[in-house]
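Asker: Below is the structure I would like to discuss, written out as structure tokens.
The values are calculated or read from the model by the stated rules, or taken from the named source; none is laboratory data. Please read these numbers as outputs of a predicted model, since none were measured by experiment. No Cβ is skipped: glycine too gets one built from the backbone with ideal geometry, and neighbour counts run over all protein chains shown. Areas reflect the complete protein model, heavy atoms only, side chains present, ligands, DNA and RNA absent. Shrake-Rupley method; radii C 1.70, N 1.55, O 1.52, S 1.80 Å.
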Amino acid sequence: MPVAKGAQLDPAQTRAALLAAATRLFYERGLDGIGVAELCAAVGASKETLYRHFGSKEGLVRAVLEQRSDRVSAWLAEAALAAGDDPFARLDAVFTALGRWYEEPDFRGCAILNAAAQRHEDPARAVAARHLDRRLQLLTGIAIDAGAANPPETGRQLLMLVAGATAVADHHGEPAAAESARQAARVLLSSARIAPS
């Protein structure tokens, strides 16, 4: 990222490079595992550049977490949408996508929830709440389409399976947690349906 003397700076490219480096380093080492000086050195930017783009390290943390939440939420929603209209197929697609993620060699759990656990305050807490709300909305939509008697409650229960599978996959090194959770989610969704009169 260092720019040759006299070259034109591209603010958007600089911001993107800072976000990419911070995203990787925060995920690998935690929010407090890297300081501003080391982060700036990793991308070849000055502290002034970081502060100009994000205001503070907390501003950078917020930007990293929001960008990651946007990307992950879109990824799961797209996986579900690609599965078609059947709510059970959409539910399966969510857990299949999660299972592929759990198998990645650098998987370390949910970056957003990890950050909120590390710092139980804003901005991490606010971004985590929004992130979980987005997942809840996706899963509640599946519950509605499946004919659940109480879609909000079924959505919350499905969310617990998603979050639990992610924690088990991370802390137990168990990528098969996605399949176990998928099976439990299918049973839950079937039993949540309104019984025919």
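Asker: Ignoring everything but the protein chains, give the 1.4 Å probe accessible area of ARG62 in square angstrom, nearest 10.
Answerer: Solvent-accessible area, nearest 10 Å²: 90 Å².
Asker: At 7 Å along Cα-to-Cβ for each site, give me the label-to-label distance between HIS171 and GLU104 in nm.
Answerer: 2.2 nm
Asker: Towards the positive end of the charge dipole of region 64-185, with charges on Cβ (+1 Lys, Arg; -1 Asp, Glu), say which of ALA126, GLN137, GLY164 has the farthest Cα.
Answerer: ALA126
Asker: Moving to a separate point now. Lys/Arg Cβ at +1, Asp/Glu Cβ at -1, dipole of region 32-115 taken about the Cα centre: which of TYR102, ALA37, TRP75 is farthest positive-ward?
Answerer: Farthest towards the positive pole: ALA37.
Asker: Evaluate the relative contact order of region 40-197 (contact order divided by residue number), counting alpha-carbon pairs under 8 angstrom at least 6 apart; express in whole percent.
Answerer: Rounded, it is 24 percent for region 40-197.
Asker: Follow-up. Working from Cα positions, state the angle (0 to 90°, nearest 10) between the long axis of helix 11-29 and the longest principal axis of the chain.
Answerer: With rounding to tens, the tilt is 60 degrees.
Asker: Could you tally the net charge around ALA176, taking each other residue with its Cβ under 11 Å from the Cβ of ALA176, Lys/Arg +1 and Asp/Glu -1?
Answerer: Residues close to ALA176 contribute a combined charge of -2.
Asker: Stretch ARG130-ALA16 to full length: gain in nm at 0.36 nm per residue minus the Cα-Cα span?
Answerer: 38.8 nm
Asker: When the helices in the chain are scored as -39500 (n - 2.57) per DSSP H run of 4 or longer and the sum is shared across all residues, what 222 nm value do you end up with, to the nearest 500 deg cm²/dmol?
Answerer: Counting only the DSSP helices, I get -24000 deg cm²/dmol.
Asker: Continuing with the same structure: How big is the accessible area of LEU65 in square angstrom, nearest 10, if you roll a 1.4 angstrom probe over the protein chains?
Answerer: Ignoring ligands and nucleic acids, LEU65 comes out at about 10 Å².
Asker: Keeping every protein chain present and rolling a 1.4 Å probe, give me the accessible area per residue for region 1-156 in Å².
Answerer: It amounts to 51 Å² per residue over region 1-156.
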